[in-house]
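Here the structure comes first, spelled out in structure tokens, and everything after it is commentary.
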């Protein structure tokens, strides 16, 4: 939407899971993260990204129109597939306002947290409920 | 990764999260090149597909906008969302709400059709700041309550007609 003055003042949060293409390199991933951070700063989008076991798990927050524009781009993005929305809800205020895109890596220290919310040894966000995703993200960022 | 393996992985992802019921509500505008949208055909098609895929829901259609709520297994709803985003019979799709639910709201309908009539201006006004109906200016709660209200009104009207026919 070009005329943003017609957009209502509505903040939303959207969380999705997807699978990275099997041939994604570490360089390609860090390029994705940098690009997201740059674009998000311009569009007043904030959020949190987990990349583990070749899965993306991401929360994005911003104006309803901006977040839905980004969803269109994400669905069209060939670098990942099988995107599934976990949750979309209206927010009173942002939860990740300090980050254009916060990032949690699959480190040894984090391994216990991933297991805390999983029934499986290997991390698989497709199995998580919206509530578990919220808990996991919040603990990983502490 | 071999293609066969990849497709197997995709299938398994689709099965994961099957136990979760998701309700997704979106708004969109009609394609202006397509003035006479064939409502009957769109509805019949949706109802047929939804029945096959275990999807239930409600669809509000007015002259300019669609408001639709769909509910079903998380992977199934997401597959439908990807199709909806690409469907050129409407545009500017905005997901308003997407939430896990314990039980379905529209379990009796593969797609309940709701059309705000002239009598419903009162309900439009109830949930709008301005005079004209524009779901892009409405909050999640307003949109959800608007669908609920239209559904209630329509049911009252239907039962009133049924009562008359028995007299």
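Inverting the pair-averaged 1/r between distinct Cα atoms of segment A:68-142 gives 14.4 Å as its Kirkwood hydrodynamic radius. Here the Debye sum runs over all C-alpha atoms of segment B:40-94 as equal scatterers in vacuum, and log10 of I(q)/I(0) at q = 0.20 Å⁻¹ comes out as -0.77. Against chain A, whose longest principal axis comes from its Cα atoms, helix A:64-76 is set at around 50 degrees. Each residue in A:17, B:153, A:133 was given a count of other beta-carbon atoms within 10 angstrom of its own, and listing them fewest first yields B:153, A:133, A:17.
Inter-chain Cβ neighbour count for A:79-90, averaged per residue, equals 6 (cutoff 10 Å, partner chain atoms only). Taken residue by residue and averaged, Cβ atoms of other chains lying within 10 Å of the Cβ of B:22-31 number 1. So what is log10(I(q)/I(0)) for segment B:75-167 at q = 0.25 1/Å, when the Debye sum runs over its Cα atoms only? Computed log10 I(q)/I(0) values: -1.42. Inter-label distance, residue B:137 to residue A:41: 3.6 nm, where each label sits 7 Å from its Cα along the C-beta direction.
Sort A:93, B:98 so that the residue with the fewest other Cβ atoms within 10 Å of its own Cβ comes first and the one with the most comes last. Going from sparsest to densest Cβ surroundings: A:93, B:98.
For the protein assembly as shown, the alpha-carbon radius of gyration amounts to 1.07 times the rule-of-thumb value 2.2 N^0.38 Å expected for a compact globular protein. Listed from fewest to most Cβ neighbours within 10 Å, the set B:61, B:27 follows the order B:61, B:27. Cut-off 14 Å, label point 7 angstrom out along Cα-to-Cβ of residue A:138: give me the residues of segment B:82-117 whose amide nitrogen falls inside. Residues passing the 14 Å test: none. Centre-to-centre, using Cα atoms only, segment A:1-60 and segment B:98-148 are separated by 29 Å. Using only DSSP helix segments of four residues or longer, with each worth -39500 (n - 2.57), what per-residue ellipticity at 222 nm results for the protein assembly as shown after dividing by its residue count and rounding to 500? The helix-only estimate for the protein assembly as shown comes to -13000 deg cm²/dmol at 222 nm. Based on Cα atoms of segment A:1-61, Rg over Rh with Rh as the Kirkwood radius reads 1.06. In this calculation the C-beta distance from residue B:125 to residue A:23 is compared with R0 = 45 Å, giving a FRET efficiency of 0.25. For the Cα trace of segment A:11-106, dividing Rg by the Kirkwood Rh returns an Rg/Rh value of 0.93. Peptide A:110-122 has a mean shielding of 0, counted as Cβ atoms of other protein chains within 10 Å of each residue's Cβ.
Laboratory data are not the source of any read-out in this text; all were calculated from the coordinates shown. Model, not experiment: these values are computed from the prediction. Reconstructed Cβ throughout: ideal geometry from the backbone, glycine too, with neighbour counts over all protein chains shown.
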